[in-house]
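Everything below concerns the one structure shown next.
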Amino acid sequence: MAKKVKIVLAEDHTILREGLRALLSADPELEIVGEAADGREALRCVEKLGPQLVLMDLSMPRMTGLDAIREIRRRHPETKIVALTVHKTEEYLRTALKAGADAYVLKDATHGELSLAIKTVLAGKSYLSPGVSDKVIEGYLEGKGSRMPNSVLGLLSQREREVLKLIAEGFKNREIADDLCISLKTVEKHRANLMKKLDLHNAAALTACAIEQGLVER
């Protein structure tokens, strides 16, 4: 009997995660071996459980799905990653694929489409949701995306993005230091760098920027 494909689900909304687990568990070829509510937890699950595939929400607390994808791709290049998202813009598509996602599936997809995406990436191919407009897909495939203006997030290091996200989620400097296991002085330096690079001057402006860039949900 063939071994089941081990899957980790990374989705911060419990009801959506439970729904995904119920749908995928109905497939006798798939096995849900772990679940995560944020990117950092997803990374730990991959390290511990060694799944063949990760279903990754892009907008999650603490570490974003995009940052988690980058880390998983760097540490475990053989792991397949299906990005699951509400975002239909070319910028998000381009960023997710560049980070290392093998598939880009919209959250309004059907169960059949999600199953197709999973089977496609397990077969070593890429998958883009038909829900992403033809214009967006054509622009990416033709290389036009590389000429699009970079997101302001491109100005930031991964650690700066993590600090910005936590600021937007309401964490204080000391809490951020504890969460990221860095010193308070380092957090203050990252915060100053964020304000300088983004030309923003208070926590409210940083929060608005993080929301606009999709680091946190409205």
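The values are calculated or read from the model by the stated rules, or taken from the named source; none is laboratory data. Just so it is clear, the structure is predicted and the values come from calculations on it, not from any experiment. No Cβ is skipped: glycine too gets one built from the backbone with ideal geometry, and neighbour counts run over all protein chains shown. Protein only, heavy atoms only, side chains kept; ligands, DNA and RNA dropped before computing areas. Shrake-Rupley method; radii C 1.70, N 1.55, O 1.52, S 1.80 Å.
What to note about this one:
- Close pairs (9 angstrom Cβ cut-off, 6 or more residues apart or separate chains): within 12 Å of VAL163 (Cβ to Cβ) in region 203-218, in a helix (DSSP H, G or I) and at pLDDT below 80 anywhere: LEU215/LEU153
- Helices (runs of 4 or more DSSP H) within region 152-218 that include 1 or more residues among the hydroxyl-bearing types (Ser, Thr, Tyr) and within 16 Å of the chain's Cα centre (by Cα): none
- Screening SER25 against (1) open to solvent by 60 Å² or more (accessible area, probe 1.4 Å); (2) touching a residue at least 12 places away in the same chain (Cβ under 8 Å) leaves a single unmet condition, (2).
- The set of residues in region 60-92 being under 11 Å from the mean Cα position of the chain (by Cα) and in a helix (DSSP H, G or I) consists of GLY65, LEU66, ASP67, ALA68, ILE69, ARG70, GLU71, ILE72, TYR92.
- Region 174-217 - residue that is polar (S, T, N, Q) and out of contact with any Asp or Glu (no Cβ under 7 Å at 6 or more places or on another chain) and, of those, farthest from LYS88 (Cα to Cα): SER183
- Close pairs (8 angstrom Cβ cut-off, 6 or more residues apart or separate chains): more than 20 Å from CYS181 (Cα to Cα) and open to solvent by 40 Å² or more (accessible area, probe 1.4 Å) in region 40-54, at pLDDT below 95 and assigned to a helix (DSSP H, G or I) anywhere: GLN52/LEU122
- Residue selected from region 116-129 under the condition at pLDDT 90 or above and open to solvent by 30 Å² or more (accessible area, probe 1.4 Å), by the criterion farthest from LEU24 (Cα to Cα): ALA123
- Residue identified as of a type in the set (S, T, N, Q) and farther than 24 Å from ALA22 by Cα among THR95, THR79: THR95
- So GLU47, is it touching a His at 6+ places or on another chain (Cβ under 9 Å) and among the acidic types (Asp, Glu): yes
- Among the residues of region 13-34, none qualifies, meaning not one is of a type in the set (Asp, Glu) and closer than 24 Å to ILE176 by Cβ.
- Counting the residues of region 1-58 that are closer than 17 Å to VAL86 by Cα, in a loop (DSSP other than H, G, I, E, B) and charged (D, E, K, R) gives 3.
- Restricted to region 93-112, and to residues there that are open to solvent by 30 Å² or more (accessible area, probe 1.4 Å) and assigned to a helix (DSSP H, G or I), the residue that is farthest from GLU212 (Cα to Cα) is GLY112.
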